[in-house]
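Read through the structure below, which is laid out as C-alpha cells, and then see the notes.
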Amino acid sequence: MRTLSQALAQVQKERVAIGHFNIADLVLLKGVVTAARELNVPVLVGASEGERNFMGTRQLAAVVNSLREEYDFPIFLNADHTHSLPKAVEAAKAGFDAVVFDLSTLHFEENAKQTKNAVEALKSINPAILVEGEIGDIGSGYEIHEDGPGPAGKLTSASEAQQFVEATRIDILAPAVGNAHGMRRSMVTGQERKHLDIDRIREIKAATGIPLTLHGGSGTADKDLKMAIHAGINIVHINTEIRLAWRQGLEYGLSQREDEVVPYKILPAAVASVQQVVSSRLSLFTSPQVR
Ligand SMILES: [Zn+2]
C-alpha cells in the first residue's frame, strides 16, 4: 500500500493532483470513495474539527481504515483546519495520515513558532504523518455566501512561503493565491468563477520545493485549476460543491418517495449526486494535459 508521501511524489512527477473532499457522514464518504475507485486514483478524505466532532475522530479513522484494507486502495485521511495542538494530537493518535495545522489568523512569527512545535509533537507520535501549514488569508466557512465583493484576503508571497517552510519544517504548504473558502451564489449558478494567481503559485513552488495545497477549490474555473496544478499545486480541496450536491441529492431522494422512511432507499440519490461531482473533479485533477 502506497503512503500519502509516495502518492504526493507521484502526482508531483506527473504534474497532476490528488483531490481532497470533506466528509461529514457515510453518504459523502461513499460518494467520494466510489468515484475514486471507479477512476482508480488516490484520494484524500478530509474532516475539519466540526466534522470530526460530529462523526467521532477515532470512529472516522476506523471506517476509512477498514475501507482502505478491504479494497487495498489508497484512501488517505486528513484532519482539515485544525486550530489547536490537542485536536491535532487527537487526530495523529487516531491514525490520520495528515493534519492541516491552521494558525493562519495569527501573526506570521507566532504562526511559525506554534506550527514548528506542532510538527515536532505530531511526528513524535507518528514519524510518517504529514503536517500542512497555512499562511495568508483564504477566509473561513465552506458555505454559500451572499453575492457582493469578497474580503480582499492577503496573498502569500514566495519569500514569506520560503521563510515559513524553513522555520517550521512542514511537509505541505497551503498558500493564499486567489483561492477562498466557500462559494458565492453567483458561482453556484455558474455566472461567476474564481480565478487564481498562477505566476504566484509557480514562484511559491520554486521557492519552497514542497507539495502545495489549494484550499477552497469549489467554484474555480476549470482552466485555472489545470494551470494551477501544472504550476505546482498537488492537492485540491473541494468541499462546498459536494455539500451542495449532497443537499440536492437528498432533496431529490426525498421528493421521489414521499412516504418512504427506509434510509437506504432514500440516500442512494444523495450518494449518486456526490459521486458525480467528485468524479468530474477527480477526472480534471488527474488528466495531465493543460487545455
Ligand atoms: Zn480549507
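Among the residues of segment 44-55, those identified as of a type outside the set (Ser, Thr, Tyr) and either outside any helix (DSSP H, G or I) or closer than 15 Å to Ile233 by Cβ (or both) are Leu44, Val45, Gly46, Ala47. Considering (1) crowded, with 24+ Cβ neighbours inside 10 Å; (2) not in a helix (DSSP H, G or I), the lone condition that Glu260 does not fulfil carries the number (1). For the structure I just gave you, tell me whether Asp199 is over 26 Å from Ser5 (Cβ atoms), touching a Leu at 6+ places or on another chain (Cβ under 8 Å) and not aliphatic (A, V, I, L, M). No: the conditions fail for Asp199. Residue pairs whose Cβ atoms lie under 8 Å apart, separated by 6 or more positions or on different chains, with the first residue in segment 109-123 and closer than 18 Å to Thr156 by Cα and the second open to solvent by 50 Å² or more (accessible area, probe 1.4 Å) and not in a helix (DSSP H, G or I), do not occur. If you go through segment 93-116, how many residues are surrounded by fewer than 22 Cβ atoms within 10 Å (Cβ to Cβ), among the hydroxyl-bearing types (Ser, Thr, Tyr) and at pLDDT 95 or above? Number satisfying all stated conditions: 0. Count of segment 58-92 residues, restricted to those that are open to solvent by 10 Å² or more (accessible area, probe 1.4 Å) and within 23 Å of Asn117 (Cα to Cα), is 8.
Okay, residues lined up against (1) out of contact with any Leu (no Cβ under 9 Å at 6 or more places or on another chain); (2) in contact (Cβ under 8 Å) with a residue 12 or more places away in the chain; (3) crowded, with 23+ Cβ neighbours inside 10 Å; (4) over 21 Å from Leu4 (Cα atoms):
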{"residue": "Leu214", "(1), (2), (3), (4)": "no, yes, yes, no"}
{"residue": "Met227", "(1), (2), (3), (4)": "no, yes, no, yes"}
{"residue": "Asn234", "(1), (2), (3), (4)": "no, yes, yes, no"}
{"residue": "Ile242", "(1), (2), (3), (4)": "no, yes, yes, yes"}
{"residue": "Gln248", "(1), (2), (3), (4)": "yes, yes, no, yes"}
{"residue": "Ile266", "(1), (2), (3), (4)": "no, yes, no, yes"}
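Within segment 28-43, the set of residues being part of a loop (DSSP other than H, G, I, E, B) and within 25 Å of Met55 (Cβ to Cβ) comprises Val41, Pro42.
Could you list, in sequence order, all residues of segment 202-243 that are within 16 Å of the ligand (Cβ to nearest atom), of a type in the set (A, V, I, L, M) and in a helix (DSSP H, G or I)? Listed by number, the residues that qualify are Leu225, Ala228, Ile242.
I want to confirm something. Restricting to segment 1-27 and keeping residues that are in a helix (DSSP H, G or I) and small (Gly, Ala, Ser), which single residue is surrounded by the most Cβ atoms within 10 Å (Cβ to Cβ)? If you could, list the steps in order and put the result at the bottom.
So the first thing to find is which residues in segment 1-27 are in a helix (DSSP H, G or I), and the list is 4-14, 26-27.
Applying the additional criterion that residues be small (Gly, Ala, Ser) yields 5, 7, 9.
Values: Ser5: 17, Ala7: 20, Ala9: 14.
My answer is Ala7.
The values are calculated or read from the model by the stated rules, or taken from the named source; none is laboratory data. Predicted model, so just to flag it, every value in this text is computed and none were measured. In this analysis, Cβ positions are derived from the backbone assuming ideal geometry, glycine residues included, and neighbour counts consider all displayed protein chains. Just so you know, the surface numbers come from the protein's heavy atoms only, side chains and all, with ligands and any DNA or RNA stripped out. Shrake-Rupley method; radii C 1.70, N 1.55, O 1.52, S 1.80 Å.
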